[in-house]
Amino acid sequence: MIKLLIVDDSALMRRQLSALFEAEPDFEIRTARNGREAVEENRVFQPNVVTLDINMPEMDGLTALSMIMVERPVAVVMVSSLTEKGALATLEALNLGAVDYVAKPGGTISLSIDAIRAPLISKVRTAARAKLKPLGSLTRKAAGSARSAPASGALAAGRSTGPAAAPVRRSFGSAGVVVIGVSTGGPRTLECILPNLPAGFPWSILIAQHMPASFTLPFAQRLNGICAMPVVEASRPMTLEPGTIYIAKGGSDMQVVSRGGKPTVTPTPENSEFLWHPSVELLGRTVLEHFDATHVLGVMLTGMGNDGSDSFTNIKKQGGRTIAESEDSAVVFGMPAELINKGGATVTLHADKIARQINAWILG
């Protein structure tokens, strides 16, 4: 039985969400009207999962979330709007410890609830099994520390899951790429890793994070503020530059193409062949179409499902290197576990060791 606390200041929304989960056989439900009641119910009811609105009277969702995570940490799924303001607040919530988020329906609530029924139930069930991880706050200091040379021999810190690949050669220069796939729990995990990569990093970094369209630009801007490398949303065709991080635009897929003989990332409409978007699998495939695998490093982070496991396995099979986030640190171990089970992980590492390994392999 999953104990679920639904927090929303709208009586209609509370009724609709309650009815949605009451139709499922394994939920025990309570509701709260504001953040103050949510904090109290978290103490008394002790839910497994909380769905939390952001804008509420008496105490807003972010304040309530910060108190919940201090007093009794629990898996929280934010229910937020898809406006820019809503996206910024949701990213802050993810940084405070929320596991996931669902777009709050607009228009006629009864009709909109049906549209989000499947993803909401899926995300709440996943949150009930998710691992909460205290990553701590990140500041520019983390990015600044990345400018110092990484320690050598970091490979020894990882658990090898296959035969060692040949050393990465830097003769390919700026044409080398790091490809990162990530979903549930990803924003906070990326904020643990990316600020520890130095300015002047010699390869491009391409990230497919499952996110809606209105979230990826604020997310890129947020990362740009804490990383030593520039971070941009790939909202248009962009020639790959070394030392730049490209975030796939939500609501689309990101592919690597050749334009004028130069590797370029470009957003394309969501490809129905793939279940999740922006698609990690499609990004990985197109990277291998334009780069020798020995100049590709794949990093598979937290997330449910198997997106990217086939293309990342091919990266390793063709002579590249891959990292899978370990179960110890992954909020949801689905995507890394799929890569490991297919023999596609060169090493498996805790999230806080991944940046060091990337620097050791690429910087030497």
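Restricting attention to region 14-55, which residues are within 14 Å of Met78 (Cβ to Cβ) and crowded, with 18+ Cβ neighbours inside 10 Å?
Leu17, Gly35, Ala38, Val49, Val50, Thr51, Leu52, Asp53, Ile54
Which condition does Pro119 not pass, out of (1) modelled with pLDDT of 70 or more; (2) under 27 Å from Val44 (Cβ atoms), if it passes all the others?
(2)
Out of curiosity, is Arg259 out of contact with any helix residue (DSSP H, G or I) (no Cβ under 8 Å at 6 or more places or on another chain), free of Cβ contacts under 8 Å to residues at least 60 places away in the same chain and more than 20 Å from Val231 (Cβ to Cβ)?
Here the answer is yes, as Arg259 does meet what is asked.
On the given criteria, is Ala149 assigned to a loop (DSSP other than H, G, I, E, B), touching a helix residue (DSSP H, G or I) at 6+ places or on another chain (Cβ under 9 Å) and at pLDDT 70 or above?
no
Let's see how each residue does on (1) over 29 Å from the mean Cα position of the chain (by Cα); (2) aromatic (Phe, Trp, Tyr); (3) in the same structural domain as Met69 (by TED's automatic domain parsing); (4) at negative phi:
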residue	(1), (2), (3), (4)
Arg15	yes, no, yes, yes
Ser18	no, no, yes, yes
Ala23	yes, no, yes, yes
Asn34	no, no, yes, yes
Gln46	no, no, yes, no
Val50	no, no, yes, yes
Asn55	no, no, yes, yes
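Does region 48-80 hold any residues that are assigned to a loop (DSSP other than H, G, I, E, B) and closer than 18 Å to Val331 by Cα, and which are they?
Asn48, Arg72, Pro73, Val74
Does Gly185 count as surrounded by 24 or more Cβ atoms within 10 Å (Cβ to Cβ) and either in contact with a helix residue (DSSP H, G or I) (Cβ under 6 Å, 6 or more places away or on another chain) or modelled with pLDDT of 95 or more (or both)?
Against the criterion (surrounded by 24 or more Cβ atoms within 10 Å (Cβ to Cβ) and either in contact with a helix residue (DSSP H, G or I) (Cβ under 6 Å, 6 or more places away or on another chain) or modelled with pLDDT of 95 or more (or both)), Gly185 does not qualify.
Of the residues that make up region 1-22, is at least one in contact with a strand residue (DSSP E or B) (Cβ under 9 Å, 6 or more places away or on another chain), more than 23 Å from Ile113 (Cβ to Cβ) and modelled with pLDDT of 95 or more?
No.
Restricting attention to region 188-218, report how many residues are more than 19 Å from Glu270 (Cα to Cα), small (Gly, Ala, Ser) and either modelled with pLDDT of 95 or more or part of a strand (DSSP E or B) (or both).
Residues flagged as more than 19 Å from Glu270 (Cα to Cα), small (Gly, Ala, Ser) and either modelled with pLDDT of 95 or more or part of a strand (DSSP E or B) (or both) within region 188-218 amount to 2.
Does Ile205 satisfy the criteria of being more than 28 Å from Thr313 (Cβ to Cβ) and among the aliphatic types (A, V, I, L, M)?
Answer is no for this residue.
Name the one entry in Val256, Val299 that is of a type outside the set (Phe, Trp, Tyr), surrounded by 18 or more Cβ atoms within 10 Å (Cβ to Cβ) and more than 20 Å from the chain's Cα centre (by Cα).
Val256
Counting residues that are of a type in the set (S, T, N, Q), which strands (runs of 3 or more DSSP E) fully inside region 235-331 reach at least 1?
252-259, 262-269, 321-325
Check His290 against each of (1) free of Cβ contacts under 8 Å to residues at least 40 places away in the same chain; (2) farther than 17 Å from Glu325 by Cβ; (3) in contact with a Gly (Cβ under 7 Å, 6 or more places away or on another chain); (4) not acidic (Asp, Glu) and name the one condition it does not meet.
(3)
The values are calculated or read from the model by the stated rules, or taken from the named source; none is laboratory data. Not measured: the values here are computed from a predicted model. Positions of Cβ are generated from backbone atoms using ideal geometry, with glycine treated the same way; all protein chains shown enter the neighbour counts.
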